[in-house]
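The structure under discussion appears below in the form of structure tokens.
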Amino acid sequence: MSDFYHHPTAIIDEGCTIGEGSKIWHFSHIMPNCVLGKNCNIGQNVVISPEVILGNNVKVQNNVSIYTGVTCEDDVFLGPSMVFTNVINPRSAVNRKNQYAQTKVGKGASIGANATIVCGHDIGEFAFIGAGAVVTKHVPDFALVVGNPARQMGWMSEFGHQLKFDENGKATCPESAQVYELKDGKVKRIS
């Protein structure tokens, strides 16, 4: 476990696997049996609950809670104070630990500050969740969603720019020059 950095105030429970080059900052708690990939950055005051899986190069900003049942693929960005839930109908007096719903965040997705992801709703690859959004359903690959409840407002490139599709269903990212196609309500990169 010496191939990563952790601040002296961070707590890392037994049974965790933490990838080379990862950094865990002040007052964060990595609970039992978590898996963090290589080059992850875990900000201040983050809680990662048991058995959470983070891919490589996942960036978790300050004050984020990632609860059991969540998996984040490579290159995911989790903005400050965003949160995942893990039970649809929590009650203090009712133990529902055996009812944790699974949530998958696809490669390259970004979730904005103060957003809430209601459990059991997957976030597609390179999707972009606006700050403060409350996600209550599946988000497609490359989708831009905002609001409460979150509604799709457009499509985003892998570089995080809103795509403007022409009459032929083609769009070009202004930063990368990658070309995307919108067909049958789905976006894919074609070059």
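The values are calculated or read from the model by the stated rules, or taken from the named source; none is laboratory data. Keep in mind the model is a prediction, meaning the values are calculated, not measured. A quick note on method: Cβ atoms are made from the backbone with ideal geometry, for glycine too, and the neighbour counts reach across all protein chains shown.
A few remarks follow.
- Checklist (1) under 21 Å from Phe126 (Cβ atoms); (2) of a type outside the set (A, V, I, L, M); (3) in contact with a Lys or Arg (Cβ under 9 Å, 6 or more places away or on another chain); (4) not in a strand (DSSP E or B) applied to Lys38, failing item: (3)
Quick grid of which residues meet (1) part of a loop (DSSP other than H, G, I, E, B); (2) of a type in the set (S, T, N, Q); (3) under 16 Å from Phe77 (Cβ atoms):
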| residue | (1), (2), (3) |
| --- | --- |
| Gly108 | yes, no, yes |
| Ala113 | yes, no, yes |
| Cys119 | yes, no, no |
| Phe126 | yes, no, yes |
| Lys137 | yes, no, no |
| Asp141 | yes, no, yes |
| Leu144 | no, no, yes |
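- Exactly one residue out of Glu175, Glu158 is under 30 Å from Glu51 (Cβ atoms), in a loop (DSSP other than H, G, I, E, B) and out of contact with any Ser or Thr (no Cβ under 6 Å at 6 or more places or on another chain), and it is Glu158.
- Within region 86-108, tally of residues that are modelled with pLDDT under 95, buried (at least 16 other Cβ atoms within 10 Å of the Cβ) and of a type in the set (S, T, N, Q): 1
- Of all residue pairs spaced 6 or more apart or on separate chains, those with beta-carbon atoms under 7 Å, a first member in region 8-21 that is within 15 Å of Asn41 (Cα to Cα) and a second member that is surrounded by 13 or more Cβ atoms within 10 Å (Cβ to Cβ) and among the basic types (Lys, Arg) are Gly19/Lys38; Glu20/Lys38; Gly21/Lys38.
The rows are residues; the columns are (1) under 18 Å from the mean Cα position of the chain (by Cα); (2) of a type in the set (Asp, Glu).
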| position | (1), (2) |
| --- | --- |
| His6 | no, no |
| Asp13 | no, yes |
| Ser28 | yes, no |
| Asp75 | yes, yes |
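- When we screen Gly147, Gly124 for residues that are in the same structural domain as Val58 (by TED's automatic domain parsing) and within 16 Å of the chain's Cα centre (by Cα), the only hit is Gly124.
- Evaluation of Asn98 against the conditions (1) over 21 Å from Lys137 (Cα atoms); (2) polar (S, T, N, Q); (3) in a loop (DSSP other than H, G, I, E, B) shows that the sole unmet condition is (3).
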